[in-house]
1. Could you figure out which of (1) within 16 Å of ligand 2 (Cβ to nearest atom); (2) surrounded by fewer than 18 Cβ atoms within 10 Å (Cβ to Cβ) isn't true of residue A:173?
2. Where the second residue is at pLDDT 95 or above and hydroxyl-bearing (Ser, Thr, Tyr) and the first is crowded, with 24+ Cβ neighbours inside 10 Å and lies in region B:305-317, which pairs have Cβ atoms under 7 Å and are six or more apart or on separate chains?
3. Within region B:1-76, which helices (runs of 4 or more DSSP H) (wholly inside it) include 3 or more residues that are under 30 Å from residue B:294 (Cα atoms)?
4. Quick check on residue B:342: is it acidic (Asp, Glu) and either buried (at least 16 other Cβ atoms within 10 Å of the Cβ) or touching a strand residue (DSSP E or B) at 6+ places or on another chain (Cβ under 9 Å) (or both)?
5. For region B:102-128, enumerate the residues that are surrounded by fewer than 17 Cβ atoms within 10 Å (Cβ to Cβ), among the polar types (S, T, N, Q) and touching a residue at least 24 places away in the same chain (Cβ under 8 Å).
6. Starting from residues that are closer than 19 Å to residue B:302 by Cβ and in a loop (DSSP other than H, G, I, E, B), keep the ones in region A:75-114 and report whichever is nearest to the other protein chains (Cβ to nearest Cβ).
7. If you take the residues of region A:181-194 that are at negative phi and touching a His at 6+ places or on another chain (Cβ under 9 Å), which of them is farthest from ligand 2 (Cβ to nearest atom)?
8. Please work out if residue B:325 is in the same structural domain as residue B:301 (by TED's automatic domain parsing), away from ligand 2 (no atom under 16 Å from the Cβ), assigned to a loop (DSSP other than H, G, I, E, B) and surrounded by 18 or more Cβ atoms within 10 Å (Cβ to Cβ).
Amino acid sequence: MSELQVAAPRHDGAPIYQLRDVIKTRQSDGIGFQLRVPQLQIGLGEKIALIGESGCGKSTLLDMLAFILEPSQAARFQFHPGGGREGLNIADHWRHARRNRLGDLRSQHIGYVMQTGGLLPYLSVRQNMNLSRFVQGLPDDDTVTDLAKELGLSRHLDLKPAALSTGERQRVAIGRALAHKPSIVIADEPTASLDPFAAEKIMSLFIGLVEELNITVIVASHAWRHIKRLGLRRLAHQTRRTSDGKLTETVVTG
Amino acid sequence: MRLFKVIRLATRDYRHEGQMSGFYILALAAVLGPMMVLFGLKFGIVGAMVDSLVEDPRNREIRPVGSGRYDAAWVEAVRARPEVGFLVPRTRSIAASMDLNDSSVGRILRVELVPSAKGDPLLPARLPTPAGYQRIVLSASAAKRLGVQAGDTVDGSVARRFRGERERVHLPLTIAAVAPAAAFGREGAFVAVPLLEALEDYRDGRAVPELGWDGSAGEPRTYPSFRLYARSIHDVAGLKLGFEKQGIEVRTQAADIELVQRMDRNLSSIYWAIAVIGLVGFALSLSASLWANVDRKRKELSVLRLVGFRTGDIMWFPMVQALYTGVLGWGLASTIYLGAAEAINQLMATQLAAGQTVARLLPEHYAVALGLTLVSALAAAGLAGWRAARIAPSDGLREL
Ligand SMILES: Nc1ncnc2c1ncn2[C@@H]1O[C@H](COP(=O)(O)OP(=O)(O)O)[C@@H](O)[C@H]1O
Ligand SMILES: [Mg+2]
C-alpha cells in the first residue's frame with residue numbers, strides 16, 4: 001500500500017457522519033480556541049486518522065463525534081449508525097438537552113477509548129470489558145472471553161485494573177470499546193502513554209481487530225509514524241493563530 | 001432494570017472501597033451516636049423530673065370550699081369526665097372518725113377517716129386498697145401509735161346517742177396496708193365509702209341492715225363534699241372553671257401548677273432548641289461529606305455516563321451508597337447509644353427508684369434519627385449525583 005493511496009479520500013460506503021459548519025469555541029485564561037468543521041463526511045467502514053500536535057483540537061473533535069461534548073454551533077450534524085438514508089439529527093438532540101437519548105445512542109453505536117484510564121477500579125477486567133454490554137442488557141456470551149484472547153488478556157480476566165500495567169489497561173479499554181459491537185469506535189490517542197514499541201504493537205492489534213469486526217474507526221494520534229502503515233485515511237486540518245495571539249483556530253475538513 | 005444494574009455497580013464500588021466506606025460509616029456514627037446519648041439523657045432526666053411534678057397528687061387536687069349537697073348521680077357524672085382522675089364522695093366530717101383499739105395492747109386511738117377507693121393518688125399503686133366494711137389502710141402515724149402493722153386486726157367502734165340512750169357498736173377491721181408517711185400526716189385511716197356511709201347512718205340514728213345496726217328508715221343520701229384529683233395538672237384549670245359555672249367554689253394549687261407548667265414548657269423548648277440545632281448540624285455535616293464523596297467520584301460517574309447510563313441512574317449510584325452509609329452508620333450510632341445508656345443507668349442505679357432510668361429513648365426517637373439520616377443523606381447524594389450527571393462527560397472524563 002502506498003502512502004498516496006492511503007491519503008486519498010474514500011467515500012465508498014454510505015456516510016455515517018455528515019457535518020457542516022460545526023464550531024466549538026473554548027475559552028481559558030483569556031486565550032481562546034476554536035475548532036471549525038466546514039464540511040466533514042465519514043463513510044461507513046472507513047478508517048480515519050486524525051494527526052496533529054498536542055492542543056490542536058483532536059480531543060475536541062472526537063468528543064463531539066462521540067456525543068460527549070456539545071458543539072457551540074452546528075448547521076448540520078447527522079449521524080447514520082446503520083448507514084441508511086434517514087439520519088439522526090444530533091444537533092437537535094443537543095439543542096433540546098436530550099442527554100439520555102444521546103447516552104442511548106452511545107451505548108448502542110459507539111465505542112470510545114480514552115488516552116488513559118476510564119476503567120472502573122471496582123470491576124474486574126472481565127466486568128470492565130463487559131460494561132458496554134451490561135448497560136444494554138446484552139447476553140453474557142463468549143464475546144468478552146474471545147476478545148480477551150485476541151488482546152492477550154485471558155490470564156488477567158479476574159484481576160482488577162490496579163493489578164495491570166498501563167499497556168494492559170489500554171488493551172482492556174479497547175476491549176470494552178469493541179465488546180458491544182458498535183458501528184464506530186473512536187480512540188483518542190489510545191497509545192500515547194505507552195513506549196513506542198508497545199504503542200505500535202497495540203495500535204496494529206487495535207486496527208486489526210476493527211478490520212476483522214468491520215467497524216468504522218476514528219483514531220487520533222500525535223505521531224503519524226505509528227500508524228502510517230495501517231492503511232488509514234488522514235483527515236486534513238490546518239491550525240493557525242490570530243496575529244494578536246489570543247485565538248487559535250483549527251479547521252478540519254474531509 | 002437499569003436501577004438494578006446501578007445498585008449492583010454501586011454495591012461493588014462500596015465494597016471495593018471498604019476502608020473508605022468504613023470511614024464514612026464511622027464518621028456518621030461518631031456524630032450521631034453521642035448526640036443520641038445526649039438526647040437520651042435529656043429525655044430521661046427531664047422526662048422523669050417533669051413527670052414527677054406533673055403527677056404529684058397535691059398539684060392535681062381540687063378541693064370544694066364549704067359544704068354542698070351532691071347526690072350519687074352527680075358523683076357518677078363527674079367521675080365519668082375524662083379530665084377526672086379520681087373522685088370519691090365525703091360524708092360529714094363530724095361523723096368521719098372512729099375509735100380503734102388494739103386488743104393485745106389495750107390502747108384506744110381516735111382516727112380520722114378518709115374516703116378512698118382503688119386508684120387513690122395518695123396511696124401507692126402497689127398497696128392493697130381499702131374495701132368493704134372490713135379492709136382499711138392505716139396512716140403511718142396511726143399504725144405507729146397503735147403498734148400494729150399490715151395484716152393485723154383491730155377493733156373499731158363508734159358511739160351514738162339514740163332515743164335518749166348512749167350506745168356503741170364494734171366492728172373487726174383488718175389492716176390491709178400501712179400508707180407511707182407522705183400520704184397522710186395525721187392519725188387516720190383510708191376506708192371504703194360504704195363503711196363511711198354506714199358510720200354516718202349509725203350516728204344519725206338510721207338503720208344499717210348490712211351490719212345488723214338498729215335505727216330508723218333511711219332517706220336519699222347526699223354528700224357534703226368530695227375528694228377529687230384531676231388526671232393531670234393540665235386539666236385542673238378546666239375542671240375548676242366547670243365547677244365555678246355550677247356555682248361550686250373550689251380551691252386548687254393554681255400557683256404551683258403555673259410554676260410547673262412554665263418549667264415544663266421552658267425545659268421542653270430548651271430541649272427542642274438543642275435537638276434542632278444538633279440535628280441540623282448533623283444533617284449538614286453528613287451532606288457535606290457525601291457531597292465531597294460524589295465529587296471524588298465524578299470521573300467514574302462520567303465513565304458510566306459515557307457507556308450510556310442515564311441521568312437518573314447516575315443519581316442513584318451515590319444515593320444507593322448513601323443509603324448504605326446511612327443505615328450502617330445509624331446502626332452503629334444506636335449500638336454506641338445503647339452501650340453508653342446501659343453504662344450510665346448502671347452507674348446511677350443506686351440513686352434511682354426501681355424502673356427509673358437516666359438515659360432513655362423511645363422507639364420513635366430511633367426512627368426519627370434514621371429518617372433524618374436517610375433524608376439528608378439521600379438528598380445530598382442525589383443532588384450531588386444530579387450535578388455530576390449534568391456536567392458533560394467530556395469534561396468529567398478529562399478531570400485530573
Ligand atoms: N475544558 C476546556 N475548557 C477550555 N479550554 C479547553 C478545554 N479543553 C481543551 N481546551 C482547549 O482547547 C484546545 C484543544 O484541546 P484538545 O482538543 O484537548 O487538543 P488535543 O486533543 O489535540 O491535544 C486547547 O488549546 C485547550 O487548551
Ligand atoms: Mg487530546
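1. Just one mismatch for residue A:173, condition (2).
2. B:306/A:112
3. It comes to B:2-16, B:18-55.
4. Here the answer is no, as residue B:342 does not meet what is asked.
5. The one that is surrounded by fewer than 17 Cβ atoms within 10 Å (Cβ to Cβ), among the polar types (S, T, N, Q) and touching a residue at least 24 places away in the same chain (Cβ under 8 Å): B:103.
6. Top of the filtered list is A:114.
7. Looking at the filtered set, the residue picked out is A:183.
8. Values: in the same structural domain as residue B:301 (by TED's automatic domain parsing): yes; away from ligand 2 (no atom under 16 Å from the Cβ): yes; assigned to a loop (DSSP other than H, G, I, E, B): no; surrounded by 18 or more Cβ atoms within 10 Å (Cβ to Cβ): yes.
Criteria not met by residue B:325.
The values are calculated or read from the model by the stated rules, or taken from the named source; none is laboratory data. Predicted model, so just to flag it, every value in this text is computed and none were measured. So basically every Cβ, Gly included, is an ideal-geometry build from the backbone, and we count neighbours across all protein chains shown.
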